[in-house]
Structure formats: C-alpha cells, structure tokens
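S.K.: Take this structure first; my questions come after.
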There are 2 protein chains.
Amino acid sequence: MVDVRCQKLYSAFGLKQLLSEISSTTKKKINISQAMAIAIHEAYQGAQNVSPNPMVGCVVLDGHGNFLSKGYHQVYGSAHAEINALKDLDREQLQDATVVVTLEPCAHVGKTGSCALFIRDLPVKRVVYGLVDPFHLVSGKGAQIIKDAGKEAILFSEFTDRSEGKTTPIMNQSDTAFINQQLEILAENFLLNVRQSKPFVSLKWAQSLDGKMALKNYESQWITNATSRTYAHYLRSIHDGLIVGAGTVLRDNPKLNIRLEGVSKEGKLIVIDPDAEVFKSFEKLEIAKAHKKENVFFVIDTKASQAADSTPGSFKNVLFLNKSESGFFPLEEIHKFCFERGMKSLLVEGGPGTLNQYILQKAFNRTYAFIASVIMGDGLGYSDDLQLSSMSKKIQLKNIEKLDMDDDTLLTALV
Amino acid sequence: MVDVRCQKLYSAFGLKQLLSEISSTTKKKINISQAMAIAIHEAYQGAQNVSPNPMVGCVVLDGHGNFLSKGYHQVYGSAHAEINALKDLDREQLQDATVVVTLEPCAHVGKTGSCALFIRDLPVKRVVYGLVDPFHLVSGKGAQIIKDAGKEAILFSEFTDRSEGKTTPIMNQSDTAFINQQLEILAENFLLNVRQSKPFVSLKWAQSLDGKMALKNYESQWITNATSRTYAHYLRSIHDGLIVGAGTVLRDNPKLNIRLEGVSKEGKLIVIDPDAEVFKSFEKLEIAKAHKKENVFFVIDTKASQAADSTPGSFKNVLFLNKSESGFFPLEEIHKFCFERGMKSLLVEGGPGTLNQYILQKAFNRTYAFIASVIMGDGLGYSDDLQLSSMSKKIQLKNIEKLDMDDDTLLTALV
C-alpha cells in the first residue's frame, strides 16, 4: 500500500521511474537527495509493524556513488534499517561506501545491537543521516561512534555546506528543505512521542464533496468507493489505537477491526462511552467478536461509574472522566491514558459528534479526509459545532498530500 | 492555461513527455490514439475564442506514421483546425499522409471554406475523425466528399475494426472508449447546443474542505489561494455568459469581469435580480464600470417590472419572469433567454443562494469546485437546501477530473 504521506516525494523525485532503474545488478549513480528520497520511501514499508519504534529506511551507495542496496526497519524487535540494507553486501562492495539513513544510527545495544557499532566495523567512508536521534540522552552518540572510527557522520541538512559534497552533489537547496520536511513527516509519530510524551492523533473521515459524513438520519453507506474503504483499513493498520464514539458503535454495530489482505494485526479500540451504554451491551455487539477483551478500552463519565462497576465481567481498561462545563470530555486526558498503555498513535474515526469535539478542542495532529465526488445536501458534518466569527480564525491545514482513490480523493494534512 | 478537462488525457498518454518529443524536424512515429490525444489537447487551446464554434484540434502524420504537424481552431471566423495543421506542409510531405481530427471536416463553404474540399485536393491518404458532425443536415457529408475523392474517411471509433489498422495500430480497445469519452467532453458545449438547443451550464464555487462557501456572516475572502482564483478567471474566459445572484452583487460589489493576463475578452453578465435592486442601483456598482451596458442582462420578477420600467436609462436586456410556487425562478427559462441571445455556455458563480437553486433544480451540466485545504465550520454551503431522504438519492458526479492548484484542488465533473 502506497502511503499517502510520500506522494509529493514521488512527484518531486520521479520516484516511480527512479525505483525501476535501481537494482543491485545494474550500476546507477544517484545523488544524496535521491538516495534519501528512496530511503524515506523504503521506511514507509514498515508503517504497520514498527511501533513503538520509528519507521527508518536506508540506502547504500558504493564508493563511486552507484546504488548498491536499500532496506528498512520491518518489525519491532527485528533488525534495524541499516542492517537490512548492509547485510548482503561484502567488504569489497562497501569500500568507501556511503550509507544514507533517515535517522541517526542507534548507539545503544538494545534488542538488536548497535547500528553505529556495526557500521564502525565496515569499510564504509561516510554516513549521511536525516534526523538526529530525538532521545536527548543518546542524540549525537551514534554519529560520534562513527566519527571516532575515522569515518564521516553528517546530518543531511548540513551536507551541502561541505566541499566533499561536490563529488556526490545534493541536487539543490530547495531539495534539502523539502527532504527535511519529508523526514519530519516520516518520523512524526516518534518525534511527538519523544518530545511531548503524547500519542500522535489522526482524524479520519469519509465525506461528500459538500462536506457531509451522513444524512440527517445518519445514513452514510456508502459515501466513498471501495478503493477508499480499503485504504481506510490501511490507516487503521498504521495506528496503534482506534477511537470511536458510542453513537457510532450503537447505531452501526461495526466490527472496527483491521480487514486488509495479508495483515493479521489487531489494534486497540477505544470507545468514548459517557453513559457506559456500549460497555453494558458489549457482549451483544460485533466489536466483542472482532476484538480481544484486553484490547478494548472505555472512556466513561464518572457519573456513570456505578453502573459500569455493577456490570458483570467488567473490563480493566476503563477511564472514568469528568465532563467539562461544556459537557464534553477533555480529549487530551484520553490521549494520556492511551499513551500510558503503550499506544503511540491514535486514529479517530468518528462519528460526527466525536469528530466535532476533536475539531473544537483542536486535539489532533493530522487529518485524513476521503472526499467522494457526490453531493449529499443537508446532513451531518465533522465541523458543524465550530462557529467562527471571522475567516482569519479558519483552521488552515498544512503539508497537504493528496492521493487519487479512483474518483474519490484522499487528502491528508497536518494542522 | 491547462484545461482541467484534459487531465486524464495527460496521465493516460504521458502527454507531457509525448508533446516534448514531437516536432516537425524530428521523425517520431505515433499511433492513431496518440495522434487523437494530441489533437484533443490542441483543441483546448481555442477554448476562449471559438464560440459558437466547437473546439477542434488536428494532427497530421506522414505516410510512415511519423508526426508532421498539429493545429487547432483558434478564433471564431478564422481558419479551421485542419487548415492550420496542413497549411505549412508541402505536397511531397503529404503523400499518403493521415489527417487525424477531433471532428468531421466541414462540408459547407462558410466563413472559411470547406475543409473537406481542401483535404480532397491534397495527396493525403486518409482522414480519421473523432466525432460525426452533429448538425444532421450536414453530418456525414464532409466524410463523403473525402471518400468520393478515393481517400479513406474513418470515424475514430470504427478504426480498430479495419485490417489497415495494423499498419498504424490503435493502442487497444480501452484507449478507444477512453478517447471517445474525451472527444465528447471536448465537444460538450457544442453537442448540447446542437442536440438540445440549450446552453451548456457550469457551476463554479470555491469551498473549504468541509464544503462551505462562506461563514454565516457571508465572509468568504479568501477561501482559496491565488492559483485557484486566477484559474477561476480562465473559467470565465471559456464561457459566453456569467450568472450571479443579486445578493452577491449587492454584498460584495464585485467587478465580475475577466482578469487574465493576455486576455481582453469581455463576457456577458446575467444578474438574477428578482426585486430589481441591482438593476436600480446599477450605475453606482463596480459592474457598471467593468461591463458595457449591452453585455449586462437582468432577470427580474414580473411583480417588480413596474419599478424596473420606471428606472431611467433602462436596459434592453431584461427578462421578466414569474416565480414558481416554491418562490424561485425556473432556471431553464433563463438559459433559454440566454441561448436566444447567442450565449452557448454559462458559468454560474453563485452566491450560495443561487447555487442551491441550481442544485435543487438540477439545472446544470458540469461542476467546477475549488477545494481549499481549510476547515471553516458552520457556514453557508451550495447544497444546504437539498434534503435527501436516502443515500440512494445523492447526486453522483461523473467523469471526474482533478487538477492541483498548489494546496487547493480543482475538481470538475459532469452530472
């Protein structure tokens, strides 16, 4: 599945063409920008399986700047990207090689050994890394290990300033800024987790061209096409937890699991369930069949706690919260609860009521909007509760990426 | 300006690359599908200036299938596409040539002479034309003139069935269906004009991602970016008339003219002005400065006719109409009025009230939606008055084409 977040990378670097031209058997010279673009693209292949680790990709060039190999971090606990890219190359191939990797090679010996130590012992000449390791206790240490061995370890954004850059030139300055942005996006979950100790929150919805998620009677099947609906399962598969409101569960009785060919992952499910209605009728619902009980979490109004407590077979994963004066839960509290239980990223799927709360509280980092080419008229939107007094207060989305879903369009953006 | 309607053609035929490879000096063999794709693309260059004629494009291949030249109908009253493509080629080059043209060559000697007669006298072998001339009195006559001269004249969609097709093969059957669709779209105004004696009506609006055209207080500046706003002037320039409601004129006092570099065209302006308010205050408004009086048309409620009549300096171009029981004008009557006054295509720009009426009455052929990557919340949309009881009644748009306007998206579709 192509990740929508690397669409601009595709067009900026003619990536489809470039990927078809590189292989381990033909000699093809590429520059550092191109190598980093390929490394970023590689990294996304791990999107479904690396959490809580970051996605990382790696490209190796020989001493003449020819493409040698690529690799990515595939599954949490298994080999890192650098190892996957380097493992099939012999010492002769690696003479004066350049390793281009999206994140600073790890210094510490964890589940899989230190990448920096591994590279130190190879005859490579240089490591160009995209981002400094954000853990402040270890940041810079991986690079230092490589430098101490007499090799170069250079942050990508600083590479252009060096005279050696001329032998393997970066394309131009605007490439650098663009790629830096793409590196930040690639690591968006991880960076937020480390810097702010909170999960990355994505909102997802399916809408008509005129912005409706459902008719007034809540009918919504189907707004978007089959391609969009399949991709929505990909989005579930790249997040640790899925958040929905009780209304959606009670109205539609959905499974809310990941149904994607070749993917057997089970994510966590968080139901915002103020009156404990889903909680109490859980066993009768489709979600009970589709999810292991330990993977289902509830957020219940403190006032309804007695009802919840008296329910037989109660869950351990319940957060009791007080509603604010405006009658809604403070969403950041829910996120904190999820983060403490290992969820590094959350996908909020609605329904309309839940999404409106997210937009009102601005409690999200990214939107995924599937836009169908239909007009639905009066109905329920995701922003109905937002009342702006002036256009200057509109929510301006940033870093827009779009992907055609046949006649539908998937638009994703940061807020 | 790239016409959004040929976006799929671009991607399906790698047209950008193909156009860069063909020239009169290098020999490049292309097949009939590619030639027709280029001819369609050429035709759109005339979009602003050929009305009431259709847009037509033409490509000439030499006896070996090499590209020789291309041309399009540039301005109403001037040379047709075939003449423009053929005029710089000598008889030697044209030996056994194939002329690929989007519309059947004209038979009659009108403002510019008969294209069929012109081709008859050249040593070309074959004409492949996209559509039969829709005027039933002359349809097939152009092709007959060419056949009578011992040459081939073949409708594009019938070309694959012929054994001669093998020497200049059409790519495949799906190409044929796709190109036929593109040919119909290219001629959409003209075909509707001829077949149904009515103007082609396009709706245009700028919307937020959540489907709003303005806040509740009617503030709307600016939803979309500068690229979108410039393209909106291109849309004005390819329609004969522009329709707006009185509310928009009175609220925003816009110029409503075409402001596009290199274009000096003045279109016609139709104001739906039930209470004759714009009519009466015309001289004080910006539209009075931006438009010649003979190019401004009003649609006024019959009940307000007395007020209109007593206004000094009255217009000739006024349509008095009765509102229907639901309190709105029958829009088809307005279109008929415009068609009788030479307008073959109309662009409806709103505001929200006018667009809602168009959508309720389904009185349009095409939509142009500029979608900005912003969330505006509660506000005014173009479909608020549409109340659907079931999803099966949603307005499904067809033949979707999309064009990036930087972070905005232009989506156009047929209804």
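S.K.: Regarding A:LYS323, is this residue basic (Lys, Arg) and either in contact with a Phe, Trp or Tyr (Cβ under 7 Å, 6 or more places away or on another chain) or at negative phi (or both)?
M.R.: Considered against the rule, which asks whether it is basic (Lys, Arg) and either in contact with a Phe, Trp or Tyr (Cβ under 7 Å, 6 or more places away or on another chain) or at negative phi (or both), A:LYS323 comes out as yes.
S.K.: A further question follows. Can you name the residue in the stretch A:295-321 that is over 18 Å from A:VAL249 (Cα atoms) and charged (D, E, K, R) and is also surrounded by the fewest Cβ atoms within 10 Å (Cβ to Cβ) among such residues?
M.R.: It comes out as A:LYS316.
S.K.: If you go through the stretch A:332-361 one residue at a time, how many are out of contact with any His (no Cβ under 7 Å at 6 or more places or on another chain), farther than 20 Å from A:LEU250 by Cβ and hydrophobic (A, V, I, L, M, F, W, C)?
M.R.: So the answer is 6.
S.K.: Now for a different question. Test B:ILE287 against the criterion of being assigned to a helix (DSSP H, G or I), touching a residue at least 24 places away in the same chain (Cβ under 8 Å), among the β-branched types (Val, Ile, Thr) and in contact with a Pro (Cβ under 9 Å, 6 or more places away or on another chain), and give yes or no.
M.R.: When the stated conditions are applied, B:ILE287 passes them.
S.K.: Now for a different question. Would the stretch A:237-254 turn up any residue that is within 14 Å of chain B (Cβ to nearest Cβ), over 17 Å from the mean Cα position of the chain (by Cα) and not small (Gly, Ala, Ser)?
M.R.: Scanning the stretch A:237-254, I find at least one residue that is within 14 Å of chain B (Cβ to nearest Cβ), over 17 Å from the mean Cα position of the chain (by Cα) and not small (Gly, Ala, Ser), so the answer is yes.
S.K.: Just give me the residues in the stretch A:214-250 being among the small types (Gly, Ala, Ser), surrounded by 22 or more Cβ atoms within 10 Å (Cβ to Cβ) and closer than 15 Å to A:GLU266 by Cβ, in sequence order.
M.R.: A:GLY241
S.K.: Can you tell me which residues in the stretch B:138-153 are touching a residue at least 24 places away in the same chain (Cβ under 8 Å) and touching a strand residue (DSSP E or B) at 6+ places or on another chain (Cβ under 7 Å)?
M.R.: Residues satisfying the conditions are B:ALA143, B:ILE146, B:LYS151, B:GLU152, B:ALA153.
S.K.: Limited to the stretch B:337-353, what total is found for residues that are among the aromatic types (Phe, Trp, Tyr) and either within 12 Å of chain A (Cβ to nearest Cβ) or without any contact (Cβ under 8 Å) to a residue 60 or more places away in the chain (or both)?
M.R.: 1
S.K.: Suppose we keep only residues that are under 21 Å from the mean Cα position of the chain (by Cα) and hydrophobic (A, V, I, L, M, F, W, C) within the stretch A:30-49. Which one would you say is surrounded by the fewest Cβ atoms within 10 Å (Cβ to Cβ)?
M.R.: Once the filter is applied, the top-ranked residue is A:ALA47.
S.K.: Still on this structure: From B:SER51, B:SER11, B:SER20, grab the single residue that is polar (S, T, N, Q), outside the structural domain of B:GLU261 (by TED's automatic domain parsing) and in contact (Cβ under 8 Å) with a residue 24 or more places away in the chain.
M.R.: B:SER51
S.K.: Mind listing whichever residues of the stretch A:375-415 are under 27 Å from the mean Cα position of the chain (by Cα) and of a type in the set (Val, Ile, Thr)?
M.R.: Listed by number, the residues that qualify are A:ILE395, A:ILE400, A:THR409, A:THR412, A:VAL415.
S.K.: Now a separate question. If I filter the stretch B:240-247 for residues that are of a type in the set (D, E, K, R) and either in contact with a His (Cβ under 8 Å, 6 or more places away or on another chain) or part of a helix (DSSP H, G or I) (or both), do I get at least one hit?
M.R.: no
S.K.: Further question: How many of the residues making up the stretch A:369-415 are touching a helix residue (DSSP H, G or I) at 6+ places or on another chain (Cβ under 8 Å), more than 7 Å from chain B (Cβ to nearest Cβ) and free of Cβ contacts under 8 Å to residues at least 40 places away in the same chain?
M.R.: The total comes to 1.
S.K.: Now a separate question. If the requirement is being surrounded by fewer than 22 Cβ atoms within 10 Å (Cβ to Cβ) and polar (S, T, N, Q), which of these qualifies: A:SER383, A:SER373, A:SER324, A:SER345?
M.R.: That would be A:SER324, the only listed residue that is surrounded by fewer than 22 Cβ atoms within 10 Å (Cβ to Cβ) and polar (S, T, N, Q).
S.K.: State which residue is surrounded by the most Cβ atoms within 10 Å (Cβ to Cβ) when the search covers only the stretch B:354-368 and only residues that are farther than 20 Å from B:ASN189 by Cβ and within 11 Å of another protein chain (Cβ to nearest Cβ).
M.R.: Only one residue fits best here, namely B:LEU355.
The values are calculated or read from the model by the stated rules, or taken from the named source; none is laboratory data. If you're wondering where the values come from, they're calculated on a predicted model, not measured in any experiment. Using ideal geometry, Cβ is built from the backbone for each residue, glycine included, and neighbour counts are taken over all protein chains shown.
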